[in-house]
Amino acid sequence: MEQRHLGRTGLRVSRVGLGTLTWGRDTDEHDAAEQLKAFWDAGGTLVDTADVYGGGEAEYLLGRLMERLVPRQDLVLSTKAGSVPDPDRRTDGSRGHLLAALDASLARLGTDHVDLWQLHAFDPHTPLEESLQALDIAVRSGRARYAGVANFCGWQLAKAGTWQLGGDRTRLAGAQLEYSLLQRGVEREVLPAALDLGIGLLPSSPLGRGVLTGKYRNGTPSDSRGASERMAPFVEPYLDDAASRIVDAVTTAADGLATTPLHVALAWVRDRPGVTAPIVGARTARQLAAALSVETLSLPDEICRALDDVSAPVHRYPDHDWSTL
């Protein structure tokens, strides 16, 4: 699998990453092992997790698999901290919480460092410089090699990225946010900020929460996330008429290229300007193998333009040059 630099850093990662959101919850150890082995065999390196995935079980499971299945040194290990299961405070970006969370993550993962450590979300109740200082401490102490953020909006990313470029601080290597043909909101402010600051984008849900595979075109399959009581609200926003038109266009493109809607949707986001590696989460090794086989596909320019047009978000003042409006 092709390797890319993450932002303006020397860190190289596979151009498709493996997500572990469901590990230890909906994905058991056997299925997780099959996924990790298939990913490694395909040349994948970037494995993304978080301290809250499965209540910590995803990290624990990944740590066990690295002990016996895939050498730690062959993986670019990424985890996150700052998201907390508290209905009254969903994020905790305090330095104390973040550094304690990192130590707990390392213990579950069974390693002395992660390759990329990310703030999981912006905490409005903690000074941003305090949260960012935790990234600096983690890198200086060797517990993290590179640092990034996730789920930051445009002004938050611009402020954080600029702050980190000053003084003896760790520059932000990556930013992880949802990005797909069904969710192009990052193009308004996040992506321009990332491009300007040299921060690589790591798209989550690059298949539109599974909708872009076309599986929901004729209803909700009984074994899909959309049929799950817990995950249905996650999928439902992308089952409207506007999404249906985009899925139809993706399917038409796939038919013309003799490939699958999954491949078309994933190749589109993988090769967008500023994108380093979309993060793919799968329920089974078979689903993951289907996604990884996109490696040889590059979409023709005319197909990209057609998909751009049908999925184009509304960008008005001040997102575009005011003189053209």
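The values are calculated or read from the model by the stated rules, or taken from the named source; none is laboratory data. This one's a predicted model, so the numbers in the text were calculated from it and none came from an experiment. Counting neighbours? That spans all protein chains shown, and the Cβs are built from the backbone with ideal geometry, glycine included. Quick note on the areas: whole protein, heavy atoms, side chains included, nothing else; ligands and nucleic acids left out. Shrake-Rupley method; radii C 1.70, N 1.55, O 1.52, S 1.80 Å.
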For this session: Please give every one of the aspartates and glutamates within straight-line cross-link reach of Lys159, meaning a C-alpha to C-alpha distance under 15 Å, and leave out same-chain neighbours fewer than 8 residues apart.
Result: Asp123, Glu129, Glu130, Glu189, Asp196
Exercise. What fraction of the DSSP beta bridges in the chain is antiparallel, stated in percent and rounded to the nearest 5?
Worked result: 15
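Between Thr220 and Glu302, 0.36 nm times their residue separation minus their Cα-Cα distance comes to what? Could you put the intermediate results ahead of the total?
Numbers: separation 82, 0.36 × 82 = 29.52 nm, distance 3.12 nm.
Here the answer is 26.4 nm.
Report the calculated FRET efficiency for His30 and Tyr317 (r = Cβ-Cβ distance, R0 = 41 Å), to the nearest 0.05.
Details: r = 53 Å, r/R0 = 1.29.
Step by step, r from the Cβ atoms, then E = 0.20.
Once you list every other residue whose beta carbon is under 15 Å from the beta carbon of Asp136, what net charge do they have if Lys and Arg are +1 and Asp and Glu are -1?
Values: positive: Arg95, Arg140, Arg143, Arg145, Arg169, Arg171; negative: Glu129, Glu130, Asp168.
After counting each charged neighbour, the total is +3.
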For this session: Identify all aspartates and glutamates with a Cα-Cα distance to Lys37 below 19 Å; exclude those on the same chain that are fewer than 8 residues away in sequence.
Result: Glu2, Asp26, Asp28, Glu29, Asp48, Glu57, Glu59, Glu67, Asp74, Glu295
Problem set entry | Pairs of Cα atoms farther than 31 Å apart, the chain, % | 29
For this session: Output the peptides 137-146, 307-316 sorted from most to least packed, where packing is the average of other Cβ atoms within 10 Å over each peptide's residues.
Result: 137-146, 307-316
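How much net charge surrounds Val275 when only other residues with a Cβ under 10 Å from its Cβ are counted (Lys, Arg +1; Asp, Glu -1)?
Details: positive: Arg4, Arg15, Arg270, Arg272; negative: Asp271.
Within the 10 Å Cβ shell, the charges total +3.
How big is D, in µm² s⁻¹, for segment 227-314 by Stokes-Einstein at 25 °C and 0.890 mPa s if Rh is the Kirkwood radius over C-alpha pairs?
On the way: Rh = 14.3 Å.
For the chosen part, D equals 172 µm²/s.
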Problem set entry | Average accessible surface area per residue within segment 1-61, 1.4 Å rolling probe, Å² | 36
Exercise. Rounded to a whole number of µm²/s, how large is the Stokes-Einstein D of segment 38-104 at 25 °C and 0.890 mPa s, given Rh as the Kirkwood radius over C-alpha pairs?
Worked result: 186
Problem set entry | Cα-projected label distance for Met1 with Arg245, points at 7 Å along beta-carbon direction, nm | 3.4
Problem set entry | Computed [θ] at 222 nm, helices only, for the chain once each DSSP H run of length n ≥ 4 contributes -39500 (n - 2.57) | -11500 deg cm²/dmol
Exercise. What are the aspartates and glutamates whose alpha-carbon lies under 18 Å from the alpha-carbon of Lys215, with same-chain residues fewer than 8 places away excluded?
Worked result: Asp223, Glu229, Glu236, Asp240, Asp241, Asp248, Asp255
Exercise. What is the sum of charges around Ala121, taking Lys and Arg as +1, Asp and Glu as -1, for the other residues whose C-beta is under 9 Å from the C-beta of Ala121?
Worked result: +1
